[in-house]
1. Can you work out the accessible area per residue across the range 196-347, with the rest of the protein chains kept in place, probe 1.4 Å, in square angstrom?
2. Percent of accessible area on the range 77-134 owned by carbon and sulfur, 1.4 Å probe?
3. Set the bar at 22 Å for Cα to Cα. Now go through K109/K379; K17/K116; K64/K385; K143/K166; K175/K279 and name every pair that lies beyond it.
4. I'd like the Karplus ³J(HN,Hα) series for the range 11-22: coefficients 6.51, -1.76, 1.60, θ = phi - 60°, whole numbers in Hz, and an x wherever there's a Gly or Pro.
5. Could you please report the charge total around I320, scoring K, R as +1 and D, E as -1 over all other residues with beta-carbon less than 13 angstrom from its beta-carbon?
6. Kirkwood Rh over Cα pairs of the chain into Stokes-Einstein at 25 °C, 0.890 mPa s: D in µm²/s?
7. For I93 and D282, FRET efficiency with R0 = 51 Å and r from the beta-carbon atoms, rounded to 0.05?
8. Taking all protein chains together and a probe of 1.4 Å, list W107, W48, W155 from the most accessible to the least accessible.
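The values are calculated or read from the model by the stated rules, or taken from the named source; none is laboratory data. Computed from a prediction, not measured in an experiment: that's the story for all the values here. Note: ideal-geometry Cβ built from the backbone for every residue, glycine included; neighbour counts use all protein chains shown. Each accessible area value is taken on the protein alone, full model and side chains, heavy atoms only, with ligands, DNA and RNA left out. Shrake-Rupley method; radii C 1.70, N 1.55, O 1.52, S 1.80 Å.
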Amino acid sequence: MVQNKSDYYINGYSVYKTEFNPESVYYDDKTLTVDWDNGDKSDYHFLWLRDNCDCDKCVTNLSKEQVFEICDVPFDIKPNSVELTSDNMINIIWDYEGHESSYHPAWLKQHCYSQKARENRILLPKVWDKNKIDKQLPIYEYKSIMNDDKSLLSWLYDLRDFGISKIENVENKLKTVQKVAERISFIRKTNFGTVFDVVSKANANSAAYTTLRLPLHTDLPTRELQPGLQFLHCLINDASGGESIFVDGFKIAEYMRDNFNDDYKALTKLPMSFYNKDKASDYRFDSPMIITDHNGKIIEIRLANFLRGPIDVPAENMQILYRAYRQFILLTRDEKFQFSYRLNAGDLIVFDNRRILHSRNAFDLESGDRHLQGCYVDKDELLSKIRVLEREL
């Protein structure tokens, strides 16, 4: 969070902390090297530097978008001169068209692409089991979230890192959940509406709208893009039963990676089929249960047994996938991974639907009413809001 803007460099719509300065710069036939005053060394290819020139000719002042294209300079472009100025800027005059570029040290240091620097920039989630989340569940006050941007940013950090949080003393009014969600951004509409009511009803098109037990799952794995954040606001919960259970799917995946590695690999490579069908819609999507990025980092879980279609993999992989799937489900049933909580009126649980598995015990409407309202906001909006608040506060 920006406390003293003199300690930060603002470039376009981004803020970079000025922590280190270059002690010397030198170059060979392909790269420019910067020796930093903290002992680090960074190498920057000439093509990369030219591609990231932010002068008025290369980046439009109006939208801060790049108008320069790298194919418009020679592949072997190099500097005619490099200067380290008294205010620690690095100025380059290029050998093609005499173009001049200037680079701020805070921007360069933040975008160093050495292996060490790239690893340090990877944001690691704070995975949890029952013991950890019982002690560290992020809890915030409704009025604070709604009225104070610093509290809002703190909440968003925790939601990003832990994947779950609770807001207390929320107004007990219909569509209050929408007001909270819109503190982040606009709501994602689905076939269940913009704001959906989790109540038992006749002709239910989802098991969520019954009194039945729901097994641990993510919502709408049947979609190409699962909803990111899920908001659940408890308006009334006088019925017996209906306790909510949450499991960090990343924790289960990491446990499998460390203890059942063959099963873990199967769930990252072999696809599952997910179906969601009713009279008005028919959504289907095939995907592995555990999704990783190009670095092998776990970034998403897809799971809903009640929305699963027949497994469709080559015969030699059928038992392999079933074994892995069974192992994952068995681990989610282990109480050491489960956070159990009975929602009370005025509670609002928000969680990362692409990470946190949630379930509900069966409940008895003869003992009282139960009414929750929910909605979705995509994770892109969470991360965008964090960046905007970071540069404003």
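1. 47 Å²
2. The value for the range 77-134 is 45 percent carbon and sulfur by accessible area.
3. K109/K379; K175/K279
4. Taking θ as phi minus 60°, the curve returns 10, x, 10, 10, 10, 10, 6, 8, 10, 10, 10, x Hz for the range 11-22.
5. Overall, the nearby charge balance is +1.
6. So the translational diffusion coefficient is about 102 µm²/s.
7. Approximately 0.25, to the nearest 0.05.
8. Correct descending sequence by accessible area is W48, W107, W155.
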